[in-house]
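Since the structure comes first, as structure tokens, the remarks are kept for the end.
The values are calculated or read from the model by the stated rules, or taken from the named source; none is laboratory data. The structure presented is a predicted model; accordingly, all values stated were derived computationally and were not measured. Because the Cβ atoms are built from the backbone with ideal geometry, glycine has one as well, and the counts that use them run over all protein chains shown.
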Amino acid sequence: MAPAEFTVSGGEGTPLEFVAAFLGSRSLLVVTDPGGWAQVSAGLAVGYPASTAVTTSVRVVRFAVLDLRHFSSASSLPSLSDVVGDVVALHDTRAWDTGPVVAALRGLGRPVVLFTAAHTWVAGVDAASVLIGWSAPFVVLGSPVGAGEGRVEDVVWQFRELERRRQVRFTALPSPPVPSDRPVTVMVALPGATEGIAGALRPGGEYEVWVHVGQHPDPLPGDLELRAVLSMNGRPVQAESFVLPAEGASPWVSFPVTTPYASVPWTGELVIYSGVVPVHVQQVVLPVGAGESRAAVRFQLTRTFADLEPLSSRVASVLVLGERALVASGPGVPARVGLDLGSLPHSFPVASGLDPWYGKDFPSFCEDLAALARQGSALYSRLFGSDALADRVRRLGRARPAGLMIASVADSSVPWSLIYDLPLNDGPYRLCASVGQFGPFGAGGEVPAHCPVSDHSGNVLCPFGFWGLSAVLEQPVGPLVPFVSVRPRPFEVSMAVDHGMDRALTERHVTELMSMLPPEVVTSAYVSPSELGRALAGDVMDVVHLHFREGFLDLEEIERWDREGVWPRPHWPSRKPVVVGTSPMPGLVRAFIDGGASAVISPEVAVPQDMAGWVTGMLLARLAAGFSAGEALRLTRWEMLGRGNVMGLAYTLHGGADLRVRPGN
Ligand SMILES: [Zn+2]
């Protein structure tokens, strides 16, 4: 057989991602990638075929897998016809000619991915084949022009020649598909009926509300234990456990309800919990007297339910539904609490009196900390009443900091990181030894998961009383994102600066930021709001750092970028930056998350602009070093405390606590 000729291009990604991208159009893919084989063949028993699913950034690929090295000839192979998989992955052997096996499988309509050595001649390559090699940092792709035999080695050599002559063409991976949502269905039925009813419900009538989680093409890692919680206005909260099987839909779960006597639309929420975490919230409107039932999704932490495993570490959650919230802290029925703070103060003292290093001396620091703790303690009592939640969070946060989720369907004015769950009344208080140790000029040291001092009796001031310091707090408003990007690219920060900022303060801000990051990772530009849309159009940065006055950017402007195509669709599909603001961003968080950002971190009150550079620098240095977003913000708050600065409690992470910049670090 004569050697085939190839057209050669390169690509950015992994060989398996290109396998996933080519599967629809090619029936033979020759790959030299031991890492890819290790992924495909994990758990394969010697001498047997098996089936496996590999998640790539393009899609999930189901492989039937067989290692030909364990067989002496084609005739000793087990049958592959009933091994499930969209594609057959074979590991080549040099002991015998594997060409007929490959040809036979292709003849049966099963595409083949052949893992082989770079210098092996592969017979039967044709226009429906592709050879995939590696020339750091690129994946090399060879497409045969005619039929013949080919070696990946020759394709890589041809690629390097083109590279030398600067004539390389590059093939982009397709954008990852937006996952379709797993449906959650809510219906109303008469007691004992087997079908739902349409139309209006009788006032004061007995009905059942049925709930069911539908099926989804993405398989679950295993069966999932979930809870459905129904909270209808004016009625006690009800909860039912059920299992969502690894494949298929859940059984129906039903709740008995008695409709109100008034003929009005009766509203409430249906929430699906995984452990203590609300992963799906739907508003339910039941038409009492007149109208039709309605259900609208208000919040999703997941689209598929296949990515919930990391949430099992959370110890409690608050689901903010507007003026009310549901608090879940264990296997019991979530408690409904009111979020009306009435005349309770819930604001930060003006951050004045900072020294040139953004700190305060010990007495002023204690005064600030006590003022915040008094507010936080009053907030805790108002919202949660008893010590039960605090005790549980403290008990479960021993080995590592407790994970607390505030899931927000609607905006609330509660400053969650400020909540102080140790008793602190007006009047004299004593200082826990941790105030001295971790405060300004203290001994410092690694911040433990909980206060090293066990006695917190009486009126005590301790930094571990604040949720923002004791717990890893997260306030997501949409689906969780595990990584900013899964591709191995250098960390990059794009800083956008408002023209109207004080130049001297901006310079100091940048100096502080640059003192904590390698200079080559930051690019910066002065922009107007309309220029900002273009600057943020590309999928090219890990962090968007907005150095703005409050009010510089408004919601209408972001909506315009989306509407007028300034932002391509999908926007930020594969590199989903963390947006870090130096001013409060009320009303903008959801727009950035909807626009593809993985998280938004910003202060809730105005902070000195030069200090904001210091804070951003600490935060980004930790993110770049591989810390999760939740831990990075918690440790930044502690570092600020070490200079006598309490303003770290003013910063909020709108996103998942487990978010990291890249996998594997
Ligand atoms: Zn303490």
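Answer yes or no as to whether Ala449 is within 16 Å of the ligand (Cβ to nearest atom), farther than 22 Å from Leu301 by Cα and assigned to a loop (DSSP other than H, G, I, E, B).
yes
Among (1) of a type outside the set (Ser, Thr, Tyr); (2) out of contact with any Asp or Glu (no Cβ under 9 Å at 6 or more places or on another chain); (3) more than 11 Å from the ligand (Cβ to nearest atom), which single condition is Glu474 missing?
Of everything listed in (1) of a type outside the set (Ser, Thr, Tyr); (2) out of contact with any Asp or Glu (no Cβ under 9 Å at 6 or more places or on another chain); (3) more than 11 Å from the ligand (Cβ to nearest atom), Glu474 misses just condition (2).
From Val540, Val486, Val481, grab the single residue that is in contact with a Lys or Arg (Cβ under 8 Å, 6 or more places away or on another chain) and surrounded by fewer than 16 Cβ atoms within 10 Å (Cβ to Cβ).
The conditions single out Val540.
Kindly provide the set of residues from the stretch 203-232 that are touching a Lys or Arg at 6+ places or on another chain (Cβ under 9 Å) and under 22 Å from Ala290 (Cα atoms), ordered by number.
Scanning the stretch 203-232 gives a single hit, Ser231.
Given Asp455, Asp411, Asp355, which one is within 12 Å of the ligand (Cβ to nearest atom) and modelled with pLDDT under 95?
Asp455
Taking the stated definitions as given, is Pro440 of a type outside the set (A, V, I, L, M) and over 27 Å from the mean Cα position of the chain (by Cα)?
Yes; evaluated as a whole, the condition is true for this residue.
Considering only the stretch 372-399, state which residues are of a type in the set (Phe, Trp, Tyr) and surrounded by fewer than 21 Cβ atoms within 10 Å (Cβ to Cβ).
The answer is Phe384, and nothing else.
It is to be established whether one or more residues within the stretch 484-500 are in contact (Cβ under 8 Å) with a residue 24 or more places away in the chain, within 16 Å of the ligand (Cβ to nearest atom) and under 31 Å from the mean Cα position of the chain (by Cα).
There is no residue in the stretch 484-500 that is in contact (Cβ under 8 Å) with a residue 24 or more places away in the chain, within 16 Å of the ligand (Cβ to nearest atom) and under 31 Å from the mean Cα position of the chain (by Cα).
For Gln167, all conditions in the list (1) without any contact (Cβ under 8 Å) to a residue 40 or more places away in the chain; (2) assigned to a strand (DSSP E or B); (3) not aromatic (Phe, Trp, Tyr) hold save one; what is the number of the exception?
(2)
Looking at Ser457, Ser413, which is the one that is in a loop (DSSP other than H, G, I, E, B) and free of Cβ contacts under 8 Å to residues at least 12 places away in the same chain?
So the residue among Ser457, Ser413 that is in a loop (DSSP other than H, G, I, E, B) and free of Cβ contacts under 8 Å to residues at least 12 places away in the same chain is Ser457.
Of everything in the stretch 398-410, what is under 30 Å from Val589 (Cβ atoms) and not in a strand (DSSP E or B)? Give them in sequence order.
Correct list: Arg400, Pro401, Ala402, Val409, Ala410.
Can you name the residue in the stretch 66-107 that is among the hydrophobic types (A, V, I, L, M, F, W, C) and at pLDDT below 90 and, of all such residues, is farthest from the chain's Cα centre (by Cα)?
It comes out as Leu80.
Name the pairs whose Cβ atoms lie under 8 Å apart, with the first residue in the stretch 557-574 and under 17 Å from Ala535 (Cβ atoms) and loosely packed, with under 13 Cβ neighbours inside 10 Å, the second modelled with pLDDT under 95 and of a type in the set (D, E, K, R), and 6 or more positions between them or separate chains?
none
Taking the conditions exactly as written (part of a helix (DSSP H, G or I) and of a type in the set (Gly, Ala, Ser)), does Ser317 satisfy them or not?
No: the conditions fail for Ser317.
Given the condition in a helix (DSSP H, G or I), more than 27 Å from Ser485 (Cβ to Cβ) and in contact with a Pro (Cβ under 8 Å, 6 or more places away or on another chain), answer yes or no: does some residue in the stretch 81-90 qualify?
Checking the stretch 81-90: not a single residue is in a helix (DSSP H, G or I), more than 27 Å from Ser485 (Cβ to Cβ) and in contact with a Pro (Cβ under 8 Å, 6 or more places away or on another chain).
Just the residues that are surrounded by fewer than 17 Cβ atoms within 10 Å (Cβ to Cβ), assigned to a loop (DSSP other than H, G, I, E, B) and not acidic (Asp, Glu), please, taken from the stretch 94-103.
Arg94, Ala95, Trp96
Keeping to the stretch 408-427, report how many residues are surrounded by fewer than 17 Cβ atoms within 10 Å (Cβ to Cβ), hydroxyl-bearing (Ser, Thr, Tyr) and closer than 12 Å to Ser377 by Cα.
0
Which condition from (1) at pLDDT below 95; (2) within 20 Å of Val40 (Cβ to Cβ); (3) not in a helix (DSSP H, G or I) is the one that Gly124 breaks?
(2)
For Thr302, state whether it is assigned to a loop (DSSP other than H, G, I, E, B) and either touching a helix residue (DSSP H, G or I) at 6+ places or on another chain (Cβ under 8 Å) or surrounded by fewer than 22 Cβ atoms within 10 Å (Cβ to Cβ) (or both).
It is true that Thr302 is assigned to a loop (DSSP other than H, G, I, E, B) and either touching a helix residue (DSSP H, G or I) at 6+ places or on another chain (Cβ under 8 Å) or surrounded by fewer than 22 Cβ atoms within 10 Å (Cβ to Cβ) (or both).
Consider Ser434 carefully, then state whether it is of a type in the set (Ser, Thr, Tyr), assigned to a helix (DSSP H, G or I) and over 21 Å from Asp387 (Cα atoms).
yes
A quick yes/no check of all residues on (1) within 21 Å of Ala629 (Cβ to Cβ); (2) outside the structural domain of Val277 (by TED's automatic domain parsing); (3) within 13 Å of the ligand (Cβ to nearest atom); (4) at pLDDT 90 or above:
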site	(1), (2), (3), (4)
Gln375	no, yes, no, yes
Leu389	no, yes, no, yes
Pro423	no, yes, yes, no
Tyr429	no, yes, yes, yes
Gln437	no, yes, yes, yes
Ala443	no, yes, no, yes
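Out of Arg106, Arg110, report the one residue that is of a type in the set (Lys, Arg), out of contact with any Phe, Trp or Tyr (no Cβ under 9 Å at 6 or more places or on another chain) and not in a helix (DSSP H, G or I).
Arg110
Out of (1) touching a residue at least 60 places away in the same chain (Cβ under 8 Å); (2) assigned to a helix (DSSP H, G or I); (3) surrounded by fewer than 21 Cβ atoms within 10 Å (Cβ to Cβ), the odd one out for Leu649 is which?
(3)
Taking the conditions exactly as written (crowded, with 19+ Cβ neighbours inside 10 Å, assigned to a helix (DSSP H, G or I) and in the same structural domain as Leu633 (by TED's automatic domain parsing)), does Met618 satisfy them or not?
yes
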